[in-house]
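J.: Could you have a look at this structure, given as structure tokens, before my questions?
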Amino acid sequence: MLGIGCRGAYPFLAMSGFGAGSPLLVITVLLLLGIAVTVWVGRLTGTLGPCLTSLGIHVALSMYLLYSFGLTALGSDADAYHQLAAAVADSIAGTGSSVSYSEGKEGWILVLGVLYYIFGTHAEVGLLVISTFMALLPAILATASRQLGWESSANTTAWLAVLLPSLIIWPSSILREGPSIFLLSLMVLSVGFYHSRRLLTAGTLLLGATAGMMWIRPPIGAAALLGIAIGVLFTSLRKTTGPLGMLVFLAPSALALPFGLLRGNQFDLSAAGTLRESLALGATTSTGATGQGFDTFGGAIRGMFLDLPGATFGPFIWEAGGQPWQLLIDGLTFVMLAVLSFFVLKNRATRSEGLVLILPAIAVLLVVSAAFGNYGFVVRQRSQAAAFLVPVAAAGWVLRQQRRTTLTFPERSPADERLIV
């Protein structure tokens with residue numbers, strides 16, 4: 001069953017010695033590359049165990065879902081991305097016509113199409129690339145924790161990034177969640193470097209991540225940047241780098257926003273309200289404020305705030321009768337993240353750093369709630385907010401366990417210095 005939707009390798013790949021129609025060889029090469037990158041980054045950041053565990057989990061689950069249920073295991077969108085990316089590969093190879101797709105989704109489709117052109121149209125190619133992205137997540141978030149001064153919780157952060165259900169399930173398909181979560185985690189890391197006064201590194205990282213989000217999920221990327229900006233404004237005026245440092249950190253990324261703002265209806269709230277209503281029609285997990293009147297700007301704003309609790313913590317216990325158990329577990333994990341984050345906000349020594357990550361998470365969840373028509377949609381979408389909440393929740397867990405008044409900021413290790421300079 002290897003190579004679902006396989007069209008063989010393209011000429012570039014054949015000239016490289018792979019030969020057409022050899023998906024097993026392609027999979028082997030990509031897996032070995034993924035392991036090599038994971039081991040290198042894991043050793044560099046002291047998170048080798050969590051990184052390799054994450055890689056193993058995502059490779060195993062994604063291949064199981066693909067071979068057992070096909071690309072539509074987690075929804076029909078994955079098959080649509082696969083077909084569009086295959087068409088992009090055909091177009092690059094000169095064997096197909098130009099491809100049309102919705103604004104805001106073209107980034108991942110183009111990346112996937114280029115990968116298909118190089119390695120052949122095998123769905124496993126995209127899955128292995130996403131698995132590698134997710135294998136790096138523990139290293140990225142643990143390093144962010146250290147840079148924020150939360151050295152004591154860095155290891156907890158790494159393992160929480162591995163084991164959180166929403167960070168396991170949705171990135172195990174070729175949906176946009178995998179690359180989106182990866183880019184948002186780089187935003188988290190940029191906040192860490194900003195806090196440790198490495199402004200050039202922080203600004204460059206934030207710019208790259210924001211630009212990537214403008215081509216993969218513009219509304220989520222813009223919301224996350226806005227949340228970071230508000231949080232950074234709060235901390236800059238208090239103790240970190242001052243207004244000039246804040247400008248160096250944020251201004252370049254703000255210039256990337258037009259790439260998302262000027263394409264299609266990505267930031268049209270009335271369109272989000274229409275999507276809310278269409279998602280509710282015929283959905284077995286339909287919920288939320290889905291009545292008439294949300295297809296206007298004001299209605300979308302009203303629905304956004306009405307549904308924020310459900311978009312963050314739902315489905316609730318009293319809604320359990322019509323919901324799959326997996327969705328209920330996901331809701332409970334977000335309750336856990338919120339409770340643990342509360343301990344960070346409660347502690348004066350960690351409050352400002354926690355706010356800089358909690359505010360973008362809330363902004364992302366507000367975007368999700370604007371189009372909240374059914375729980376299947378919202379659970380998948382809110383997984384992106386977890387990238388910001390995992391380091392905060394891990395710090396809250398350590399504060400709660402150790403009954404400490406602060407998380408110490410020890411001397412930075414050589415591993416941290418070598419990661420990004």
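The values are calculated or read from the model by the stated rules, or taken from the named source; none is laboratory data. Please read all numbers here as calculations on a predicted model, not as lab measurements. Cβ sites come from the backbone with ideal geometry, for glycine too, and all protein chains shown count toward neighbours.
J.: With the condition kept exactly as written, say whether any residue in segment 114-121 is of a type in the set (G, A, S), in contact (Cβ under 8 Å) with a residue 12 or more places away in the chain, within 16 Å of G178 (Cα to Cα) and crowded, with 20+ Cβ neighbours inside 10 Å.
T.: no
J.: Considering each residue of segment 193-222, count those that are touching an Asp or Glu at 6+ places or on another chain (Cβ under 7 Å) and among the aromatic types (F, W, Y), and give that number.
T.: 1
J.: Return the pair list, or none, for Cβ contacts closer than 6 Å from residues in segment 124-148 that are within 20 Å of I358 (Cα to Cα) and of a type in the set (D, E, K, R) to residues that are part of a helix (DSSP H, G or I) and modelled with pLDDT under 95, at least 6 apart or on different chains.
T.: Qualifying pairs under 6 Å: R146/D416.
J.: State all residues of segment 92-147 that are more than 15 Å from the chain's Cα centre (by Cα), outside any loop (DSSP other than H, G, I, E, B), of a type in the set (G, A, S) and at pLDDT below 90; if no residue qualifies, say none.
T.: If the condition is that a residue be more than 15 Å from the chain's Cα centre (by Cα), outside any loop (DSSP other than H, G, I, E, B), of a type in the set (G, A, S) and at pLDDT below 90, then A93 is the only one that fits.
J.: Identify, from the list L355, L389, the residue that is within 20 Å of Y194 (Cα to Cα), at pLDDT 90 or above and surrounded by fewer than 22 Cβ atoms within 10 Å (Cβ to Cβ).
T.: Going through L355, L389 in turn, the sole match is L355.
J.: Against the definition (surrounded by fewer than 21 Cβ atoms within 10 Å (Cβ to Cβ), on the phi > 0 side of the Ramachandran plot and not hydrophobic (A, V, I, L, M, F, W, C)), how does G49 come out, yes or no?
T.: Considered against the rule, which asks whether it is surrounded by fewer than 21 Cβ atoms within 10 Å (Cβ to Cβ), on the phi > 0 side of the Ramachandran plot and not hydrophobic (A, V, I, L, M, F, W, C), G49 comes out as no.
J.: So which pairs qualify, if the first residue must be in segment 79-94 and without any contact (Cβ under 8 Å) to a residue 40 or more places away in the chain, the second must be among the small types (G, A, S) and in a helix (DSSP H, G or I), the Cβ gap must be under 6 Å, and the two must be at least 6 apart or on different chains?
T.: Close Cβ pairs (under 6 Å, with a partner that is among the small types (G, A, S) and in a helix (DSSP H, G or I)) amount to V88/G113.
J.: From the list I140, I130, I168, pick out the single residue that is crowded, with 24+ Cβ neighbours inside 10 Å and closer than 20 Å to T72 by Cα.
T.: I130
J.: Is it the case that G310 is within 22 Å of the chain's Cα centre (by Cα), in a helix (DSSP H, G or I), on the phi < 0 side of the Ramachandran plot and surrounded by 22 or more Cβ atoms within 10 Å (Cβ to Cβ)?
T.: no
J.: Same structure, new question: Would you confirm whether or not segment 201-212 contains a residue that is outside any helix (DSSP H, G or I) and without any contact (Cβ under 8 Å) to a residue 40 or more places away in the chain?
T.: Within segment 201-212, none of the residues are outside any helix (DSSP H, G or I) and without any contact (Cβ under 8 Å) to a residue 40 or more places away in the chain.
J.: How about segment 230-245: which of its residues are surrounded by 19 or more Cβ atoms within 10 Å (Cβ to Cβ) and either among the small types (G, A, S) or at pLDDT 80 or above (or both)?
T.: G231, V232, S236 - these are the residues of segment 230-245 that are surrounded by 19 or more Cβ atoms within 10 Å (Cβ to Cβ) and either among the small types (G, A, S) or at pLDDT 80 or above (or both).
J.: Sort out which residues of segment 392-421 are of a type in the set (V, I, T), at pLDDT below 50 and either surrounded by 19 or more Cβ atoms within 10 Å (Cβ to Cβ) or touching a helix residue (DSSP H, G or I) at 6+ places or on another chain (Cβ under 6 Å) (or both), and write them in order of number.
T.: Just the residues of segment 392-421 that are of a type in the set (V, I, T), to begin with: 392, 398, 405-406, 408, 420-421.
After this cut, where a residue has to be at pLDDT below 50 as well, the list is 420-421.
Within segment 392-421, I420 is the sole residue that qualifies.
J.: Then there is this: Within segment 72-88, is there a residue that is at positive phi, modelled with pLDDT under 95, outside any helix (DSSP H, G or I) and buried (at least 19 other Cβ atoms within 10 Å of the Cβ)? Give the steps one after another, and end with the answer.
T.: Step one: filter segment 72-88 for residues at positive phi, giving 75.
Next, only the ones that are modelled with pLDDT under 95 stay: 75.
Subsequent filtering for residues that are outside any helix (DSSP H, G or I) retains 75.
Pick out the ones that are also buried (at least 19 other Cβ atoms within 10 Å of the Cβ) and you get none.
No, there is no match, as no residue in segment 72-88 is at positive phi, modelled with pLDDT under 95, outside any helix (DSSP H, G or I) and buried (at least 19 other Cβ atoms within 10 Å of the Cβ).
J.: Given (1) out of contact with any Ser or Thr (no Cβ under 6 Å at 6 or more places or on another chain); (2) within 29 Å of Y375 (Cβ to Cβ); (3) surrounded by fewer than 22 Cβ atoms within 10 Å (Cβ to Cβ), identify the lone condition not met by S97.
T.: (2)
J.: Do you know which of the residues in segment 148-161 that are over 19 Å from L205 (Cα atoms) and crowded, with 24+ Cβ neighbours inside 10 Å is nearest to the chain's Cα centre (by Cα)?
T.: Within segment 148-161, the match that is nearest to the chain's Cα centre (by Cα) is A161.
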